[in-house]
Amino acid sequence: MQAFNPKMSTLGLSIALLCSAAQLNAQTNSIESIVITADRKETELRDIAASIYAVDSDYLTTIKHVHVGEVLNSIPGVVFNRGNGQESLLGIRAPVLTGAGSCGSVQTSQDGIPLRAAGFCNVNELFEANTEQASGIEVIRGPGSILYGANALHGAINIISPTLGEEGGDVSLDFGPHEYGRLNIGYNTVNGEHAYGVHFNGATDGGYKDDSGFGQQKLNLAHRYSGNISVSTVFAATNLNQETAGYLNGADAYKNEALRRTNGDPNAYRDASSYRLHSRIEGEFASGAQWMLTPYYRDADMEFLMHFLPGTPVEENGHSSFGLQSMYSSMLTSNLEWIAGIDFELTDGYLRQTQAGGFGSFPAGRQYDFDVDAQLISPYAQFKFQSTEKDQFSLGLRYEMLEYDYDNKMIDGNTAEDGSSCTPSAFNPAGTCRYSRPADRSDDFNNSSMHLGWIHDFDESQQVFVNAAHAFRAPQATELYRLQVNQLVADLDSEEVDSFEIGYRAARENVSYSLAVYWMQKDNVIFQDSSRSNVSGGETDHLGLELNSLFELTDSLQLNIVASYADHTYGANIAPLGVTVNIDGNDIDTAPKLTANVQLRWAINENNNAQLEWVHMDDYYTNETNTNSYEGHDIMNLRYQYQSNDAWYFAARVTNLFDTNYAERADWTSFVGDRYFVGEPASLYVTIGTTF
């Protein structure tokens, strides 16, 4: 098949933008009332001075994603790289962030409860949420709401648990290439004031590449009591067993048909499990004030072969947490609302790294073995003031106190497990071991964040909003205590972002759209320098324009266009490992300037609908010096659904319709040069299901 022509990308997007401009004179209508939970309670999007994109269960049902990246790549301002299996790397109003300082820049949550504890993030943590059966996914772009707190530096992703609705159920089977199969089961029942729900999906995939594949299971159990006090309880559990294929090395290797399916790391694996339990207890006082208490417990454990490191050590990590979120909301006056509360969390975490055989500066046996206890206390308050009929102002403040207690279970320093030096070599004549273990210590981080917003309604059909924010991210436990070479103390500061955004939302008779322009400066950026020390003090700059538009072309045709143009650059004081030149002003690697997603949806008749999707990824540099790059790609996906009159349904989708050779992720290192996670060829997935 002929590949889709990437040279048409910019032209196509330009035409789409012109189409949206041409609709400005259409008859006015009201802005669509999208209800979201960014303020810890249901709020219309038009009442929040921030850029938030929400997808509902109907959209998720249409996509039927194998990987959550298929959903997130349709959201403006989001850059998503799929790794192998269920692995991923993510950026929101940022490049795809990797290495020291990357993890924890985006908070991921389920029902507002973070998937991971503060200080214990994992770049792949999205596979610990049941996105496949969620009732919605909300993406906050930029540090918009102080109510999300820790780690919402560049934004936040909140997965909404399956809805407890009317009594009934759904069962379906998915089939796909390389022995892919998935069972989906959902059932709700109602008994008076009590509602119950169970949702399960289990998937298996033989893997496109050699010696790869995964088995995955996700379970949600829910109960809701609706009386004078409402109590919603959710238990969520996930399990992943994955054979991991590593990078494919070599310039343009992803285009080589003889190499695309090869796996240079056939022994690599990842086993991960997690579960969370939370109860949202809420009520209302006679005065009309609302309150909410949400106690929760989480546990996460992971083991994987670090195939990307010399010696391929095995890492085991995990943590368990107990936490409590609280909220009180009331009207102080007829036009002044306030929300306040305290978030509290206690966490016990651990990390071990071991290697079977040693060589050079990489000793056999244990290389790290430590525990970290963490305590988090974070009060917050937000005020909303309706100064006039058309103007609303908001002010949010949060203070966070995070304390780590670190306990090294091994000999301090950079020795082998028994205290001996590593084997000297021409590159390492002193016999210095690569991995360094600090002595027991405690570290405290006290941070504050701020949000100031203004919304002006021109009329029911259009509004403008302004959002100024300051946000933070405390160093993660691994950045502080997983050190290398001669570093025994990582004196790190919290990363901080100052952000300014102006946006415009409008709705007309046949079109609704929003535009947002943002500027962000990030300070105290954490990275690993040329001596392999974790340091902070770097700066990066971020500037972007985002578009979201929906056109009702006819009664049966919809056109949805989202696009983002962004400029992410290095600022002062950054000299990452392997970089010996000044990169101030360079584009940050893995930061495509233009990304876009265009979907044409056709309601053929009452029982049939189809969707054609175009995903555009611009070219981007793959190293800090901007000397190597990936050419970008354009992918087309086709989806079809049939719903019979007797509750049976059928769906088919073809991903990568034109069989384009592309890379899910392109990277470059001084050790191997160009390397890629290969995108899969044209693939057909089929779903058969029934509702009852």
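Readers should treat all values here as calculations from the given coordinates under stated rules, not as data from a laboratory. This structure is a prediction, so every number in the text was calculated from the model and none was measured. Counting neighbours? That spans all protein chains shown, and the Cβs are built from the backbone with ideal geometry, glycine included.
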- Query: When only Cα pairs under 8 Å and 6 or more residues apart are kept, what is the percent relative contact order across the chain?
  - Reply: 12
- Query: Going by the alpha-carbon gyration tensor, a ≥ b ≥ c the square roots of its eigenvalues, is segment 556-692 rounded (a/c under 1.5) or, if a/c is not under 1.5, prolate (a/b greater than b/c) versus oblate?
  - Reply: prolate
- Query: For the charge dipole of the chain, defined by +1 on Lys and Arg C-beta atoms and -1 on Asp and Glu C-beta atoms about the Cα centroid, which residue among Asn582, Met450, Ala563 has the Cα displaced farthest towards the positive pole?
  - Reply: Ala563
- Item | Residue-by-residue Karplus 3J(HN,Hα) for segment 189-204, coefficients 6.51, -1.76, 1.60, Hz, glycine and proline x | 9, 10, 9, x, 7, 10, 10, 10, x, 9, 9, 9, 9, x, 10, 9
- Query: What is the count of Lys pairs in the chain whose alpha carbons sit under 25 Å apart, if the two are 8 or more places apart or on different chains?
  - Reply: 10
- Note on the structure: Applied in sequence order to segment 443-458, the curve 6.51 cos²θ - 1.76 cosθ + 1.60 (Karplus, θ = phi - 60°) yields integer Hz couplings, x standing for Gly and Pro, of 9, 10, 9, 10, 9, 10, 10, 9, 9, 10, x, 9, 10, 10, 8, 6
- Note on the structure: Quick calc, segment 440-561, dipole around Cα centre from Cβ unit charges on Lys, Arg (+) and Asp, Glu (-), nearest 20 debye, gives 300
- Query: Roughly speaking, what is the centre-to-centre gap between segment 524-547 and segment 558-619 when only Cα atoms are used, to the nearest Å?
  - Reply: 20
- At R0 = 51 Å the Cβ-Cβ FRET efficiency linking Thr669 and Ser135, nearest 0.05, sits at 0.80
- Ordered by fewest other Cβ atoms within 10 Å, a rough proxy for footprinting exposure, Glu460, Glu257, Glu303 read Glu257, Glu460, Glu303
- Count neighbours as other Cβ atoms within 10 Å of each site's Cβ, and list the GluC sites (Glu not before Pro) in segment 372-410 that are DSSP loop with at most 16 such neighbours. Glu389
- Which whole-angstrom value gives the distance between the alpha carbon centres of segment 628-690 and segment 429-506? 33
- Per-residue Cβ neighbour rank within 10 angstrom, fewest leading, Leu600, Leu126, Leu173: Leu173, Leu600, Leu126
- Item | Prolate/oblate/rounded label for segment 67-150 (Cα gyration tensor, a/c 1.5) | rounded
- So how do 61-70, 667-676 stack up, highest first, on mean other-Cβ count within 10 Å? 61-70, 667-676
- Item | Using θ = phi - 60° and Karplus 6.51 cos²θ - 1.76 cosθ + 1.60, couplings along segment 605-613 (whole Hz; Gly, Pro as x) | 7, 4, 10, 10, 8, 9, 8, 10, 10
- Query: What list of whole percents do you get for P(r) of segment 376-455, with Cα-Cα distances grouped in 10 Å bins up to the one holding the largest distance?
  - Reply: 15, 22, 17, 15, 13, 11, 6, 1
- Item | Signed unit charges on C-beta, dipole axis of the chain, positive-most listed residue Thr415, Ser279, Phe80 | Phe80
- Message: Quick check: the distance between the Cα centres of segment 278-315 and segment 201-250, to the nearest angstrom?
- Response: 15
- Taking the Cα centre of the chain as the origin, how large is its charge dipole in debye, to the nearest 20, when only Lys and Arg (+1) and Asp and Glu (-1) carry charge on their Cβ atoms? 660
- Among (1) 48, 31, 23; (2) 38, 31, 27; (3) 57, 27, 20, the value of semi-axes √(5λ) of the Cα gyration tensor in Å computed for this structure carries the label (2)
- With only Lys, Arg, Asp and Glu charged, each at its Cβ (+1 for the first two, -1 for the last two), find how big the charge dipole of segment 591-655 is about the Cα centre; round to the nearest 20 debye. 200
- Query: What's the exposure ranking of Thr189, Thr163, going from fewest to most Cβ atoms within 10 Å?
  - Reply: Thr189, Thr163
